[in-house]
Each structure stands twice: as C-alpha cells, then as structure tokens.
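Single-structure report; data block below.
No lab work stands behind these numbers, since they all come straight from the coordinates. Only a predicted model underlies this, so the values are computations on that prediction, with no experimental measurement involved. No Cβ is skipped: glycine too gets one built from the backbone with ideal geometry, and neighbour counts run over all protein chains shown.
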C-alpha cells in the first residue's frame, strides 16, 4: 500500500525534512533533500501556524540542524537515534524505510529523565529543534554566510538527479559540460518555485547556452518557461543581437547589464534569485538584472513582441539549454526560499 499523507502524519513530514542533513553527507548529491523537502513544503510548512518558525526551518535549518547542528558543532541525540536505523547511502532512496524510522524515532522521548516527557515529534510540533538546538541562538548566526544552507544539485561524478537530454552533456573532471554539435535541455528532476541558484560556468569562444527556470520539460524554454541567457557576449557573430539576448538577460523579456563577464576560458560565478515575480541575476559580484516580471512585461507584453506564457508559471524545472557549443558548469547548488506572499519576519 503506498504511503499517503494525512494531517496526523504532518509532524512526521517535518521530521523527514529536518532529518535530511543526517541522511546525506556533504559529498553526496543531496537529491533526497529536495525530494523530501518538496513533500514537507506542500504538506506541512504552508499549514504551519507558527510562520516564523516555519520560515526559519525552511531557509536555514532543515539541511543541517537535525544531525549535529551547524558545522557539526552541536551534540544531537535525535540524529544518534536515526543513525541506529538508517544508512545515509544505502537507504537514501528507501522512502518507506525512512518514513518508518522517522516515525519510530519521533515517538521516543527527547529527555527520558525529564519530569514531563516530550517526544521528538512533540518538540517539532511545538516549534522546537528536535535535537535540542536553541532556536534563538541559531537565529543569531549571520544570514547569507552559510553555504551549508544550499543543497548541491551535482555530485561531481554523475548526472544523478538530472533528466532529459543527458546524451548532449557529459561529466568530466568535476564539471557538467554541454557537448559540441549537440542541442538539448538538461533539467533537474525536481521542480522549484522560489529559490536562489548558485553555480560557476566557463565559456568557450562564441559559446551559447542558457539557464532555464520554472520551465516545463517540453517546448521552447525561452517562451514556455524563463531563459536566463548564457552567452559569450564578446563573439563577433553576436554583435547584432538585441540587448535582451545577451548574457544574463531574461531572454526576450529584460536586458542585463553588460561588462561583467570574465574573459573566455575563465570561470565566472553567478547567482539567480527567483522569488515571486522578482528575478535577480548577480554575475561575479555585480547585479546585472533585477526586474519585476509584471513591470517589464505588463499584461504579458514583452520587448521582443513574442508570446511568453512561461512568465505566468509559478514553478518548474531548472536546466541548462544547449545550443551546439561547449559550456562547462560546476558547484551547482540551490536554496529554496519562502514563497512571496507568505508572512515575513520584520
């Protein structure tokens, strides 16, 4: 019988999400984090009465606190119990086994010697960290400083977690490379709504690729999703392109600032923040695009005069959009963030 979520199991869904950091070590591709996280977001966070707690768990806690705390500096009895039941490598895809283990641990007492017994599941329901970490102390740790908050999308060795045109890309020397003479879109298996995506890329002379966000698996991503252009702006063959077709632009929708790409053959660092209707692109530390989709495409009207139904999408896949040229990508990681419109901390 397949596992079905009910309101009575929601605490265990939160437990699943908080336990992910234990289940996968830093060297693993962390696909299960995304898989369980999506269940958690849909079935627990959106209905959590404590919005501030839910937001903090989603953005900063779910990937590391449950096992040994941030940077493994906190002793955590919750993770120790889980370690007796699960192996982070052999069990990471065994959903029923993970659910059973988390339910079992959730019913154990946090402190068996306490006058009033509180189970791990009850702690989570009461907006407490299951392993005993002090929420107020965790909130004092600086925002934006924790790369450990991000989930890796690439293990450096395989295309696990990626689907579609896998024959148009290869993994070599710790990078994902699009192949010369081959077109095709390589998508994440998981879908994302609001997120921060960070990655590094290296262009070859005249290279053209793209980064699809909130995209479907089929069709032209530039129109049915959103394409953030990846391009060697310096190539002579691109001298007649429109501003909205150059690197970092939301293709056909909004132009990015030029002049911040490194020389061809050097590694660039890029961040794409997709939150509600706001799209921000930071290239090598410089914000080159920061737009509200409703403002740059009022009533769906775009600068290229084309139909872009993808602008209305609220979620979808992330992917690389190959155009026959070699582009290399590495250090690809993502942080899911609170959807626009939900309660914010002030």
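Please report, for the Cα atoms of region 171-242, the Rg to one decimal and the Dmax as a whole number; what are they, in angstrom?
13.6, 37
Can you tell me what the convex hull of the Cα atoms of region 237-314 projects to on average, as an area in nm²?
5.8 nm²
Quick check on packing: order 276-288, 164-176 by the mean number of other C-beta atoms within 10 Å, highest mean leading. Could you put the intermediate results ahead of the total?
Values: 276-288: 17.0, 164-176: 15.4.
Highest-to-lowest ranking by the protection proxy: 276-288, 164-176.
Expressed as a rounded percentage, what relative contact order does region 153-336 have, with Cα pairs under 8 Å and six or more residues apart?
Reported relative contact order: 35 percent.
State the percent of C-alpha pairs, over all pairs in region 153-336, separated by a distance greater than 24 angstrom.
The answer is 30 percent, as a whole percent.
Output the peptides 226-239, 199-212, 256-269 sorted from most to least packed, where packing is the average of other Cβ atoms within 10 Å over each peptide's residues.
Working: 226-239: 18.7, 199-212: 20.5, 256-269: 14.5.
With the highest mean Cβ count within 10 Å placed first, the list reads 199-212, 226-239, 256-269.
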